[in-house]
Amino acid sequence: MRTLLGAGLALVALQVGGCSTEPPTTASEPTTDGTAAETVDGGTAGETADGATAAPPSSGPSSAEPGTSGSDTAGPTTAGSADECEREPSRSGEVLTLQEVIDEAVDGHDGGIVVALARDGGEIRVCAAGTADPTGTPLQATDAFRVASITKTFTAVVLLQLVEEGELGLDDAVGDHLPDLGLVEGVSVRQLLHHSSGIPDVINHPDLVAVLSDFDRVWTNDEALALAGRVERDFEPGAEHVYSNTNYLLAQMVIESVSDRTLADLVEERITGPLDLADTAFAPAPDLVTGFSDVFEPDGHTEGVSYRALETLGPGAGALISTASDVAVFYRALAAGELLSRATMTEMTEFEGRGGFGLGMGLGVWRLSLPSGPGYGHGGNIPGYVSYAGVTPDAEDVIVLLSNDDDLQPHSLLRLTFAAW
(Lines give C-alpha, C1' and ligand atoms only; values in the text may rest on other atoms or scores of the structure.)
Protein backbone atom coordinates (compact mmCIF):
# COMPACT_ATOMS: atom_id res chain seq x y z
CA MET A 1 0.00 0.00 0.00
CA ARG A 2 1.41 3.40 -0.88
CA THR A 3 1.91 6.03 1.82
CA LEU A 4 -1.61 7.27 2.50
CA LEU A 5 -0.55 10.68 3.69
CA GLY A 6 1.25 11.21 0.43
CA ALA A 7 -2.10 10.69 -1.28
CA GLY A 8 -3.90 13.29 0.79
CA LEU A 9 -5.00 11.40 3.88
CA ALA A 10 -5.05 14.35 6.26
CA LEU A 11 -8.26 15.15 8.08
CA VAL A 12 -8.45 18.57 6.52
CA ALA A 13 -11.29 20.94 5.78
CA LEU A 14 -12.28 21.20 2.15
CA GLN A 15 -12.17 24.41 0.23
CA VAL A 16 -15.88 25.03 0.20
CA GLY A 17 -16.58 28.43 -1.28
CA GLY A 18 -19.20 29.30 -3.85
CA CYS A 19 -19.60 26.90 -6.71
CA SER A 20 -19.76 27.87 -10.35
CA THR A 21 -20.69 24.45 -11.72
CA GLU A 22 -23.17 24.76 -14.59
CA PRO A 23 -26.10 22.37 -14.88
CA PRO A 24 -25.82 19.57 -17.41
CA THR A 25 -27.41 20.31 -20.75
CA THR A 26 -29.13 16.93 -20.79
CA ALA A 27 -30.37 14.76 -17.99
CA SER A 28 -29.48 11.10 -17.90
CA GLU A 29 -32.08 8.52 -17.03
CA PRO A 30 -32.35 8.48 -13.22
CA THR A 31 -31.10 5.30 -11.56
CA THR A 32 -33.11 5.43 -8.36
CA ASP A 33 -33.78 1.71 -8.04
CA GLY A 34 -32.76 0.61 -4.57
CA THR A 35 -32.11 4.10 -3.22
CA ALA A 36 -34.00 5.43 -0.23
CA ALA A 37 -35.09 8.86 0.88
CA GLU A 38 -36.27 10.39 4.08
CA THR A 39 -37.48 13.74 5.29
CA VAL A 40 -36.51 15.15 8.66
CA ASP A 41 -38.70 17.57 10.52
CA GLY A 42 -36.99 20.93 10.18
CA GLY A 43 -38.82 22.64 13.02
CA THR A 44 -35.76 23.90 14.87
CA ALA A 45 -35.30 27.54 15.62
CA GLY A 46 -34.17 30.21 18.02
CA GLU A 47 -32.20 33.42 18.12
CA THR A 48 -29.20 33.21 15.85
CA ALA A 49 -25.79 34.78 15.95
CA ASP A 50 -26.90 37.65 13.76
CA GLY A 51 -30.03 38.24 15.80
CA ALA A 52 -32.47 36.68 13.32
CA THR A 53 -35.36 34.77 14.84
CA ALA A 54 -36.54 31.70 13.00
CA ALA A 55 -39.05 30.45 15.61
CA PRO A 56 -39.49 30.32 19.41
CA PRO A 57 -36.03 30.90 20.85
CA SER A 58 -34.19 28.43 22.98
CA SER A 59 -32.73 29.61 26.25
CA GLY A 60 -29.37 28.05 25.36
CA PRO A 61 -27.08 25.96 27.53
CA SER A 62 -26.24 28.79 29.92
CA SER A 63 -29.74 28.59 31.42
CA ALA A 64 -29.96 24.80 31.57
CA GLU A 65 -28.54 22.12 33.79
CA PRO A 66 -25.02 21.11 32.78
CA GLY A 67 -25.11 18.55 30.01
CA THR A 68 -28.53 19.44 28.69
CA SER A 69 -27.32 22.05 26.20
CA GLY A 70 -30.53 23.95 26.88
CA SER A 71 -32.37 22.04 24.17
CA ASP A 72 -35.71 20.39 24.83
CA THR A 73 -36.20 19.30 21.26
CA ALA A 74 -37.50 15.79 20.80
CA GLY A 75 -35.16 15.25 17.87
CA PRO A 76 -35.82 14.63 14.20
CA THR A 77 -38.69 12.61 12.83
CA THR A 78 -38.46 10.89 9.49
CA ALA A 79 -41.00 10.12 6.82
CA GLY A 80 -41.33 10.14 3.07
CA SER A 81 -40.11 7.99 0.19
CA ALA A 82 -38.01 8.20 -2.95
CA ASP A 83 -40.77 10.40 -4.35
CA GLU A 84 -39.34 13.21 -2.19
CA CYS A 85 -36.10 13.03 -4.15
CA GLU A 86 -37.85 12.90 -7.52
CA ARG A 87 -40.10 15.90 -6.78
CA GLU A 88 -39.95 18.54 -9.49
CA PRO A 89 -37.73 21.54 -8.62
CA SER A 90 -39.61 24.45 -7.04
CA ARG A 91 -37.29 26.99 -8.71
CA SER A 92 -38.43 28.24 -12.09
CA GLY A 93 -36.30 27.18 -15.04
CA GLU A 94 -34.63 24.20 -13.37
CA VAL A 95 -35.05 20.86 -15.12
CA LEU A 96 -33.35 18.26 -12.92
CA THR A 97 -34.79 16.70 -9.79
CA LEU A 98 -32.54 16.28 -6.77
CA GLN A 99 -32.32 12.55 -7.48
CA GLU A 100 -31.28 13.19 -11.08
CA VAL A 101 -28.56 15.61 -9.95
CA ILE A 102 -26.88 13.10 -7.66
CA ASP A 103 -27.47 10.18 -10.04
CA GLU A 104 -25.52 12.06 -12.73
CA ALA A 105 -22.80 13.01 -10.25
CA VAL A 106 -22.07 9.42 -9.22
CA ASP A 107 -22.29 7.92 -12.71
CA GLY A 108 -19.04 6.07 -13.43
CA HIS A 109 -17.83 6.16 -9.81
CA ASP A 110 -17.39 3.24 -7.42
CA GLY A 111 -19.15 4.87 -4.48
CA GLY A 112 -21.87 7.45 -4.14
CA ILE A 113 -23.36 10.45 -2.34
CA VAL A 114 -25.99 11.12 0.29
CA VAL A 115 -27.30 14.69 0.39
CA ALA A 116 -29.43 16.27 3.12
CA LEU A 117 -30.94 19.60 2.13
CA ALA A 118 -33.50 22.05 3.52
CA ARG A 119 -34.54 25.41 2.09
CA ASP A 120 -36.45 28.33 3.62
CA GLY A 121 -36.89 26.69 7.03
CA GLY A 122 -38.60 23.63 5.57
CA GLU A 123 -38.12 19.94 6.12
CA ILE A 124 -34.76 18.30 5.56
CA ARG A 125 -34.92 16.06 2.49
CA VAL A 126 -32.34 13.25 2.36
CA CYS A 127 -31.51 11.48 -0.91
CA ALA A 128 -28.95 8.86 -1.91
CA ALA A 129 -27.29 7.65 -5.10
CA GLY A 130 -24.52 5.19 -5.83
CA THR A 131 -23.20 2.13 -4.01
CA ALA A 132 -22.33 1.36 -0.40
CA ASP A 133 -19.89 -1.52 -0.86
CA PRO A 134 -17.93 -3.48 -3.49
CA THR A 135 -20.89 -5.82 -4.11
CA GLY A 136 -22.99 -2.94 -5.43
CA THR A 137 -25.42 -2.56 -2.53
CA PRO A 138 -27.26 0.74 -3.15
CA LEU A 139 -26.52 3.59 -0.77
CA GLN A 140 -29.38 4.42 1.57
CA ALA A 141 -30.31 7.84 2.96
CA THR A 142 -29.69 6.49 6.47
CA ASP A 143 -26.17 5.13 5.80
CA ALA A 144 -23.31 6.22 8.06
CA PHE A 145 -19.99 7.70 6.84
CA ARG A 146 -16.74 8.90 8.32
CA VAL A 147 -17.32 12.66 8.45
CA ALA A 148 -13.66 13.48 9.21
CA SER A 149 -13.09 17.13 10.16
CA ILE A 150 -16.77 17.94 10.61
CA THR A 151 -15.90 16.45 14.03
CA LYS A 152 -14.15 19.72 14.86
CA THR A 153 -17.43 21.64 15.07
CA PHE A 154 -18.76 19.14 17.63
CA THR A 155 -15.55 19.46 19.66
CA ALA A 156 -15.70 23.26 19.53
CA VAL A 157 -19.34 23.30 20.68
CA VAL A 158 -18.55 21.19 23.76
CA LEU A 159 -15.58 23.40 24.65
CA LEU A 160 -17.62 26.60 24.19
CA GLN A 161 -20.40 25.19 26.38
CA LEU A 162 -17.81 24.65 29.13
CA VAL A 163 -16.68 28.25 28.65
CA GLU A 164 -20.29 29.41 29.09
CA GLU A 165 -20.49 27.40 32.30
CA GLY A 166 -17.34 29.05 33.69
CA GLU A 167 -15.17 25.94 33.62
CA LEU A 168 -12.49 27.76 31.60
CA GLY A 169 -11.96 30.87 29.49
CA LEU A 170 -11.24 31.20 25.79
CA ASP A 171 -8.22 33.34 26.56
CA ASP A 172 -6.84 30.97 29.18
CA ALA A 173 -3.36 29.71 28.53
CA VAL A 174 -3.59 26.09 27.39
CA GLY A 175 -0.76 25.38 29.80
CA ASP A 176 -3.03 26.31 32.72
CA HIS A 177 -5.09 23.23 31.93
CA LEU A 178 -2.35 21.02 30.49
CA PRO A 179 0.64 21.78 32.72
CA ASP A 180 4.12 20.48 31.92
CA LEU A 181 3.33 20.38 28.21
CA GLY A 182 5.99 22.56 26.60
CA LEU A 183 4.38 22.28 23.17
CA VAL A 184 1.60 24.69 24.20
CA GLU A 185 3.76 27.45 25.65
CA GLY A 186 2.25 30.85 24.82
CA VAL A 187 -0.88 29.33 23.23
CA SER A 188 -4.43 30.22 24.31
CA VAL A 189 -7.53 28.03 24.14
CA ARG A 190 -9.01 30.41 21.56
CA GLN A 191 -5.94 29.94 19.34
CA LEU A 192 -6.49 26.19 19.30
CA LEU A 193 -10.04 26.60 17.97
CA HIS A 194 -8.96 29.35 15.57
CA HIS A 195 -5.99 27.41 14.15
CA SER A 196 -3.69 30.25 15.12
CA SER A 197 -1.46 28.37 17.60
CA GLY A 198 1.41 27.62 15.22
CA ILE A 199 1.55 24.04 16.55
CA PRO A 200 2.47 21.59 13.75
CA ASP A 201 -0.11 19.18 12.37
CA VAL A 202 0.56 15.75 13.87
CA ILE A 203 -1.21 14.06 10.94
CA ASN A 204 -0.20 16.06 7.88
CA HIS A 205 3.17 17.61 8.65
CA PRO A 206 5.74 16.39 6.06
CA ASP A 207 8.15 15.27 8.77
CA LEU A 208 5.46 13.13 10.41
CA VAL A 209 4.32 11.04 7.44
CA ALA A 210 6.11 7.94 8.69
CA VAL A 211 3.98 7.73 11.83
CA LEU A 212 1.25 5.93 9.91
CA SER A 213 3.45 3.08 8.79
CA ASP A 214 1.40 0.93 11.20
CA PHE A 215 -2.28 1.64 10.49
CA ASP A 216 -3.47 -0.66 13.28
CA ARG A 217 -1.55 1.14 16.00
CA VAL A 218 -3.48 2.75 18.82
CA TRP A 219 -1.81 6.06 19.71
CA THR A 220 -1.96 7.73 23.11
CA ASN A 221 -2.29 11.51 23.36
CA ASP A 222 1.21 11.77 24.82
CA GLU A 223 2.68 9.75 21.94
CA ALA A 224 0.95 11.91 19.34
CA LEU A 225 2.05 15.17 20.96
CA ALA A 226 5.60 13.91 21.34
CA LEU A 227 5.66 13.53 17.56
CA ALA A 228 4.36 17.04 17.00
CA GLY A 229 6.91 18.35 19.48
CA ARG A 230 9.78 17.07 17.35
CA VAL A 231 8.89 19.53 14.60
CA GLU A 232 9.65 23.23 14.73
CA ARG A 233 6.61 25.42 15.39
CA ASP A 234 5.12 26.83 12.17
CA PHE A 235 4.80 30.39 13.56
CA GLU A 236 4.42 32.25 16.82
CA PRO A 237 0.99 31.95 18.45
CA GLY A 238 -1.49 34.43 17.00
CA ALA A 239 0.70 35.46 14.06
CA GLU A 240 -1.15 33.46 11.38
CA HIS A 241 -3.99 31.00 10.82
CA VAL A 242 -2.85 27.60 9.55
CA TYR A 243 -4.98 24.49 9.78
CA SER A 244 -3.62 21.87 12.18
CA ASN A 245 -5.36 18.77 13.48
CA THR A 246 -3.12 18.90 16.54
CA ASN A 247 -5.08 21.96 17.71
CA TYR A 248 -8.19 19.84 18.10
CA LEU A 249 -6.40 16.97 19.80
CA LEU A 250 -5.27 19.59 22.33
CA ALA A 251 -8.78 21.06 22.52
CA GLN A 252 -10.05 17.57 23.32
CA MET A 253 -7.44 17.23 26.04
CA VAL A 254 -8.42 20.59 27.56
CA ILE A 255 -12.08 19.53 27.58
CA GLU A 256 -11.27 16.26 29.28
CA SER A 257 -8.97 17.96 31.80
CA VAL A 258 -11.49 20.57 32.99
CA SER A 259 -14.49 18.20 32.97
CA ASP A 260 -12.85 14.94 34.07
CA ARG A 261 -14.99 13.28 31.36
CA THR A 262 -14.21 11.89 27.94
CA LEU A 263 -15.07 13.95 24.87
CA ALA A 264 -17.13 11.03 23.57
CA ASP A 265 -19.27 11.05 26.72
CA LEU A 266 -19.74 14.84 26.58
CA VAL A 267 -20.70 14.84 22.90
CA GLU A 268 -23.33 12.20 23.64
CA GLU A 269 -24.62 14.01 26.74
CA ARG A 270 -24.64 17.53 25.35
CA ILE A 271 -25.25 17.15 21.60
CA THR A 272 -26.23 13.77 20.19
CA GLY A 273 -28.52 12.85 23.08
CA PRO A 274 -30.52 16.10 23.31
CA LEU A 275 -30.80 16.32 19.50
CA ASP A 276 -31.61 12.61 19.16
CA LEU A 277 -28.72 12.00 16.77
CA ALA A 278 -28.84 8.25 17.23
CA ASP A 279 -26.46 7.49 14.35
CA THR A 280 -23.58 9.77 15.40
CA ALA A 281 -20.70 8.41 17.49
CA PHE A 282 -16.94 8.31 17.68
CA ALA A 283 -15.16 5.56 15.79
CA PRO A 284 -14.96 2.65 15.85
CA ALA A 285 -18.63 2.10 15.08
CA PRO A 286 -20.50 -0.63 13.21
CA ASP A 287 -22.52 -0.42 10.01
CA LEU A 288 -20.22 1.98 8.20
CA VAL A 289 -20.38 2.16 4.41
CA THR A 290 -17.29 1.11 2.48
CA GLY A 291 -15.05 3.94 1.33
CA PHE A 292 -13.58 3.87 -2.18
CA SER A 293 -10.18 5.42 -2.90
CA ASP A 294 -7.33 4.93 -5.32
CA VAL A 295 -4.89 5.07 -2.39
CA PHE A 296 -5.98 1.61 -1.28
CA GLU A 297 -4.18 -1.01 -3.32
CA PRO A 298 -4.94 -3.35 -4.94
CA ASP A 299 -8.71 -3.30 -4.33
CA GLY A 300 -9.30 0.44 -4.10
CA HIS A 301 -11.62 0.31 -1.08
CA THR A 302 -11.52 0.42 2.71
CA GLU A 303 -12.72 -3.07 3.56
CA GLY A 304 -10.03 -4.71 5.63
CA VAL A 305 -8.14 -1.40 6.06
CA SER A 306 -7.64 -0.23 9.65
CA TYR A 307 -8.21 3.39 10.62
CA ARG A 308 -7.12 2.99 14.25
CA ALA A 309 -3.94 5.04 13.86
CA LEU A 310 -5.89 7.94 12.35
CA GLU A 311 -8.75 7.65 14.81
CA THR A 312 -6.48 7.73 17.85
CA LEU A 313 -4.01 10.39 16.66
CA GLY A 314 -6.76 12.98 17.02
CA PRO A 315 -10.28 11.83 17.93
CA GLY A 316 -11.49 15.38 18.54
CA ALA A 317 -10.12 16.40 15.16
CA GLY A 318 -11.80 13.86 12.91
CA ALA A 319 -13.02 10.54 14.34
CA LEU A 320 -16.81 10.98 14.25
CA ILE A 321 -19.08 8.72 12.20
CA SER A 322 -22.49 10.09 11.28
CA THR A 323 -25.31 10.28 8.74
CA ALA A 324 -26.27 13.16 6.47
CA SER A 325 -29.53 13.77 8.34
CA ASP A 326 -27.82 13.79 11.76
CA VAL A 327 -25.20 16.27 10.56
CA ALA A 328 -27.89 18.51 9.05
CA VAL A 329 -29.93 18.51 12.26
CA PHE A 330 -26.78 19.38 14.24
CA TYR A 331 -25.79 22.38 12.13
CA ARG A 332 -29.34 23.68 11.96
CA ALA A 333 -29.66 23.40 15.75
CA LEU A 334 -26.35 25.22 16.15
CA ALA A 335 -27.44 28.09 13.91
CA ALA A 336 -30.85 28.20 15.60
CA GLY A 337 -29.34 28.87 19.03
CA GLU A 338 -30.12 25.49 20.57
CA LEU A 339 -26.54 24.63 21.56
CA LEU A 340 -24.85 27.95 22.35
CA SER A 341 -25.95 31.39 23.46
CA ARG A 342 -26.15 34.31 21.05
CA ALA A 343 -23.03 35.91 22.57
CA THR A 344 -21.02 32.70 22.16
CA MET A 345 -22.27 32.23 18.60
CA THR A 346 -21.06 35.74 17.82
CA GLU A 347 -17.56 34.76 18.98
CA MET A 348 -17.72 31.43 17.19
CA THR A 349 -18.52 33.14 13.89
CA GLU A 350 -15.93 35.92 14.02
CA PHE A 351 -13.93 34.79 11.01
CA GLU A 352 -10.24 35.56 10.65
CA GLY A 353 -7.41 34.68 8.31
CA ARG A 354 -7.50 32.63 5.15
CA GLY A 355 -5.78 29.48 6.29
CA GLY A 356 -4.54 28.56 2.84
CA PHE A 357 -8.09 27.85 1.66
CA GLY A 358 -9.20 31.42 1.01
CA LEU A 359 -11.86 31.19 3.72
CA GLY A 360 -12.16 32.86 7.09
CA MET A 361 -11.76 30.66 10.17
CA GLY A 362 -14.10 30.86 13.13
CA LEU A 363 -14.07 28.70 16.25
CA GLY A 364 -14.70 25.26 14.83
CA VAL A 365 -16.46 26.56 11.71
CA TRP A 366 -15.49 28.13 8.39
CA ARG A 367 -17.08 31.02 6.56
CA LEU A 368 -18.89 29.58 3.55
CA SER A 369 -20.64 30.98 0.50
CA LEU A 370 -23.84 29.02 -0.06
CA PRO A 371 -25.95 29.48 -3.20
CA SER A 372 -28.62 31.18 -1.09
CA GLY A 373 -26.20 33.51 0.70
CA PRO A 374 -23.45 33.66 3.35
CA GLY A 375 -23.15 30.76 5.73
CA TYR A 376 -20.78 28.71 7.82
CA GLY A 377 -19.94 25.09 8.42
CA HIS A 378 -17.08 22.67 7.86
CA GLY A 379 -15.78 19.98 5.53
CA GLY A 380 -13.71 16.86 5.82
CA ASN A 381 -11.55 14.60 3.69
CA ILE A 382 -10.05 11.20 4.46
CA PRO A 383 -9.31 8.45 1.94
CA GLY A 384 -12.60 6.92 0.92
CA TYR A 385 -14.75 9.67 2.44
CA VAL A 386 -15.46 13.32 1.65
CA SER A 387 -17.88 15.50 3.62
CA TYR A 388 -19.34 18.99 3.44
CA ALA A 389 -21.83 20.79 5.72
CA GLY A 390 -23.10 24.35 5.60
CA VAL A 391 -25.92 26.36 7.16
CA THR A 392 -27.15 29.93 6.85
CA PRO A 393 -26.99 32.02 10.06
CA ASP A 394 -30.79 32.16 10.30
CA ALA A 395 -30.94 28.32 10.22
CA GLU A 396 -33.30 28.49 7.24
CA ASP A 397 -31.06 26.68 4.72
CA VAL A 398 -28.83 23.72 5.52
CA ILE A 399 -26.98 21.32 3.26
CA VAL A 400 -24.87 18.24 3.96
CA LEU A 401 -23.17 16.12 1.32
CA LEU A 402 -21.39 12.90 2.28
CA SER A 403 -19.51 10.73 -0.19
CA ASN A 404 -17.81 7.36 0.17
CA ASP A 405 -15.65 7.91 -2.91
CA ASP A 406 -12.86 10.46 -2.72
CA ASP A 407 -12.91 10.89 -6.50
CA LEU A 408 -16.23 12.64 -5.88
CA GLN A 409 -16.04 16.19 -4.55
CA PRO A 410 -19.60 16.76 -3.30
CA HIS A 411 -19.24 20.49 -2.60
CA SER A 412 -19.12 20.97 -6.38
CA LEU A 413 -22.82 20.04 -6.40
CA LEU A 414 -23.91 22.94 -4.20
CA ARG A 415 -25.62 25.07 -6.82
CA LEU A 416 -27.21 22.12 -8.56
CA THR A 417 -28.61 20.57 -5.40
CA PHE A 418 -30.01 23.88 -4.15
CA ALA A 419 -31.64 24.52 -7.55
CA ALA A 420 -33.23 21.07 -7.59
CA TRP A 421 -35.09 21.58 -4.30
Discussion item. Being in contact with a Ser or Thr (Cβ under 6 Å, 6 or more places away or on another chain), over 16 Å from LEU250 (Cα atoms) and polar (S, T, N, Q) is the requirement here; does GLN140 meet it?
Written reply: no
Worksheet, complete the sentence: Over region 300-323, the set of residues part of a helix (DSSP H, G or I) and among the polar types (S, T, N, Q) is THR312
Response to the item:
The residue that is modelled with the highest pLDDT, considering only those in region 265-306 that are surrounded by fewer than 24 Cβ atoms within 10 Å (Cβ to Cβ) and among the aromatic types (Phe, Trp, Tyr), is PHE282
Discussion item. If I go through region 228-243 residue by residue, how many of them are touching a His at 6+ places or on another chain (Cβ under 8 Å) and within 14 Å of LEU193 (Cα to Cα)?
Written reply: 3
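At least 3 residues that are touching a Gly at 6+ places or on another chain (Cβ under 9 Å) and closer than 25 Å to HIS241 by Cα in each: list the strands (runs of 3 or more DSSP E) lying fully within region 324-421 that qualify.
Details: elements: 366-370, 373-382, 385-391, 398-403.
In region 324-421, the matching strands (runs of 3 or more DSSP E) lie at 366-370, 373-382, 385-391.
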Worksheet item: What residue, among those in region 243-253 that are touching a residue at least 60 places away in the same chain (Cβ under 8 Å) and surrounded by 24 or more Cβ atoms within 10 Å (Cβ to Cβ), is farthest from VAL174 (Cα to Cα)?
Response: ASN245
Item to complete: Among residues belonging to region 79-131 that are in a loop (DSSP other than H, G, I, E, B) and within 20 Å of the chain's Cα centre (by Cα), point out the one that is nearest to VAL327 (Cα to Cα).
Response: ARG119
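Rundown of residues vs (1) among the charged types (D, E, K, R); (2) within 17 Å of ILE255 (Cβ to Cβ); (3) touching an Asp or Glu at 6+ places or on another chain (Cβ under 6 Å), yes/no style:
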site: THR131; (1), (2), (3): no, no, no
site: ARG146; (1), (2), (3): yes, no, no
site: PHE154; (1), (2), (3): no, yes, no
site: VAL157; (1), (2), (3): no, yes, no
site: VAL163; (1), (2), (3): no, yes, no
site: VAL184; (1), (2), (3): no, yes, no
site: GLN191; (1), (2), (3): no, yes, no
site: ILE199; (1), (2), (3): no, yes, no
site: ALA224; (1), (2), (3): no, yes, no
Worksheet item: Among the residues of region 144-159, is there at least one that is under 21 Å from HIS378 (Cα atoms), part of a loop (DSSP other than H, G, I, E, B), in contact with a strand residue (DSSP E or B) (Cβ under 7 Å, 6 or more places away or on another chain) and modelled with pLDDT of 95 or more?
Response: yes
Worksheet item: Does ASN221 fit the bill of being in contact with a His (Cβ under 6 Å, 6 or more places away or on another chain) and touching a residue at least 24 places away in the same chain (Cβ under 8 Å)?
Response: no
Fill in: Test for SER369: is it in contact with a strand residue (DSSP E or B) (Cβ under 6 Å, 6 or more places away or on another chain) and touching a residue at least 40 places away in the same chain (Cβ under 8 Å)
no
Fill in: Any pair with Cβ under 7 angstrom, 6 or more apart, that starts in region 315-342 at a residue that is closer than 14 Å to ILE271 by Cβ and ends at one that is in a helix (DSSP H, G or I) and modelled with pLDDT under 95
LEU339/PRO61; LEU340/PRO61
Worksheet entry | Listing of helices (runs of 4 or more DSSP H) fully contained in region 188-285 that carry 3 or more residues being within 20 Å of the chain's Cα centre (by Cα) | 189-193, 245-259, 263-267
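The values are calculated or read from the model by the stated rules, or taken from the named source; none is laboratory data. In this text, all values refer to a predicted model and were calculated from it rather than measured experimentally. As a convention, Cβ positions derive from the backbone with ideal geometry for all residues, glycine included, and neighbour counts pool all protein chains shown.
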